[in-house]
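Have a look at the structure below before the remarks.
The values are calculated or read from the model by the stated rules, or taken from the named source; none is laboratory data. Computed from a predicted model, the values in this text were never measured in an experiment. Here Cβ is always computed from backbone atoms with ideal geometry, including for glycine, and neighbour counts include all displayed protein chains.
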Amino acid sequence: MSEIKAYIQAILLKNNYTLASNKTVFLDEFVADETNITLFNQIKENQQLIMDRWLLKNKIDDIKSQVISIPNGTVGKIYSAKIEIEKWQWNEIAYLEFEGLEDLNLEYSNKTEWITGTPTKSGDLRLKIKFRIKGESDDSILNEKIISLVINPDPKSLWKDIESDRNAPYWKEDAAAETNPLGDRHIVVASKRGRSHANVGSFREDDFACKYFEDTGWSIVTVADGAGSAKLSRQGSRLACQKTIEFFETQFSKELITEMDTFFKDHVGEEISDLSQDLKIKVIQELYKITLYVHNEIVSFAKSTEDNLKDFHSTLIFCLFKKIPAGYIILSFGVGDCPIALLNKEVSDISLLNWLDVGEYGGGTRFITMPEIFSSDKMSSRFNVKIVKDFSYLMLMTDGIYDPKFVVEANLEKIEKWKEFLFDLDGNNEDNIKIDFQADSVKIDEKLTKWLDFWSPGNHDDRTLAIIF
């Protein structure tokens, strides 16, 4: 009763009504009146309702005005974002839904509190959150909050794919690939113009060539990377590959081939890890003749067209290999920054068959078109003669593969990096492209060409990869 009395006294005071001393009994009677008690209780209830509504609306306003952010996404890439109910102090939310996610191929789960999906549209998008908090009726109109979601475009889509000019001198296909048997082995090789070239409609500067010689049992594979700064390097790389094959076809010493065959016949059943010193010197001398022949042919071509030799700058790597009684003999050469790698049968060891022209030249490289490489005291170390019992893969690649997949030269000597590389080729990549290294694999060259289109930020050079398996 004292509460209602104090309330009435406060009302009287607020209205400037001074209660006379003789009205004390009257006030007590007024306070005790049932009608006044009912009115007071109604006032208390309405005050509480107002307070409850204030707290409810205030909480809704807090949520609406709260600045929150969710992670950016990328078109074509799997997206997931946690709605941080605890972190954002949204525990009072009883129901939550998103409007507009379906247009992006995204969805929200109230059970998991995650937004997931693969975005199909890019832009600085506005999402509408509809929610109801505890205390609101189940049929109340949902509250709305707008948040921003940035979906970046697929980086690949930002690159143009402009066809190269077919009428330009020395035009070549923007992509080339093939698969063939090489004796008892097979090769799959693919070469694709880099995005940096496709974006401006320039040419593929990489090239390759391969051939099996049934009469001798030898196979040859060659890969070249034309210098980006050389305006006719597309022709330089093509000539480098073609002329390497041409020399072996027409000028490689038949006597030396016979001498090697005789050497292996004389050592049947023996563990052979190398040629005799005399024979090895002869082999390297013959390999040297190949490289000099290629150099001179490009020089001659440049003179005939009255172009500058440096306009044809190109790296060159090649391998000659043959099945022998002891296993395989592999002859190799390399100038430039394109690696040749041999993985043993168990894929437990890696052998690099050439060294790369990096580091010493401050990031630059050497080319088969440079006369100075032939007078260098390092020239002999560019050749390699290796005899192995067996192998799983023999690979030749340009830096368009080496740079993104191995990053630094030191990684080329780590078998775990090569296992990662094989894992990638086996389909464990963002495009799920699997290269099935079987002799009867269908369209393996097409699959390798598609695999070459992998995305690697900052790495958009031509890509060529030859795999003997």
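Residues satisfying the criterion are absent from segment 153-170 (criterion: more than 27 Å from residue 199 (Cβ to Cβ) and over 25 Å from the mean Cα position of the chain (by Cα)). Filtering segment 105-122 to residues that are within 28 Å of residue 155 (Cβ to Cβ) and either at pLDDT 95 or above or hydroxyl-bearing (Ser, Thr, Tyr) (or both) leaves 105, 106, 107, 108, 114, 115, 116, 117, 118, 119, 120, 122.
Taking the numbered list (1) within 34 Å of the chain's Cα centre (by Cα); (2) within 16 Å of residue 109 (Cα to Cα); (3) among the charged types (D, E, K, R) in turn, residue 97 passes all entries but (1). Taking the criterion of being in contact (Cβ under 8 Å) with a residue 12 or more places away in the chain, assigned to a loop (DSSP other than H, G, I, E, B) and acidic (Asp, Glu), the residues of segment 422-436 that qualify are 430, 431. Just wondering, is there one or more residues in segment 231-238 that are assigned to a loop (DSSP other than H, G, I, E, B), surrounded by 22 or more Cβ atoms within 10 Å (Cβ to Cβ), hydrophobic (A, V, I, L, M, F, W, C) and assigned by TED's automatic domain parsing to the domain that holds residue 457? There is at least one residue in segment 231-238 that is assigned to a loop (DSSP other than H, G, I, E, B), surrounded by 22 or more Cβ atoms within 10 Å (Cβ to Cβ), hydrophobic (A, V, I, L, M, F, W, C) and assigned by TED's automatic domain parsing to the domain that holds residue 457. Of all the residues in segment 118-149, those that are exposed (fewer than 14 other Cβ atoms within 10 Å of the Cβ), within 42 Å of the chain's Cα centre (by Cα) and not in a strand (DSSP E or B) number 2. Is one or more of the residues making up segment 375-392 among the polar types (S, T, N, Q), more than 30 Å from the chain's Cα centre (by Cα) and buried (at least 18 other Cβ atoms within 10 Å of the Cβ)? Yes, some residue in segment 375-392 is among the polar types (S, T, N, Q), more than 30 Å from the chain's Cα centre (by Cα) and buried (at least 18 other Cβ atoms within 10 Å of the Cβ).
Look at residue 309 and say whether it is touching a Phe, Trp or Tyr at 6+ places or on another chain (Cβ under 7 Å), of a type outside the set (D, E, K, R) and in the same structural domain as residue 215 (by TED's automatic domain parsing). Walk me through it before giving the result.
Values: touching a Phe, Trp or Tyr at 6+ places or on another chain (Cβ under 7 Å): no; of a type outside the set (D, E, K, R): yes; in the same structural domain as residue 215 (by TED's automatic domain parsing): yes.
Spelling it out, it is not the case that residue 309 is touching a Phe, Trp or Tyr at 6+ places or on another chain (Cβ under 7 Å), of a type outside the set (D, E, K, R) and in the same structural domain as residue 215 (by TED's automatic domain parsing).
Could you please let me know if residue 273 is in a helix (DSSP H, G or I), in the same structural domain as residue 403 (by TED's automatic domain parsing), small (Gly, Ala, Ser) and surrounded by fewer than 16 Cβ atoms within 10 Å (Cβ to Cβ)? Break it down into steps so the answer makes sense when it comes.
Values: in a helix (DSSP H, G or I): no; in the same structural domain as residue 403 (by TED's automatic domain parsing): yes; small (Gly, Ala, Ser): yes; surrounded by fewer than 16 Cβ atoms within 10 Å (Cβ to Cβ): yes.
It is false that residue 273 is in a helix (DSSP H, G or I), in the same structural domain as residue 403 (by TED's automatic domain parsing), small (Gly, Ala, Ser) and surrounded by fewer than 16 Cβ atoms within 10 Å (Cβ to Cβ).
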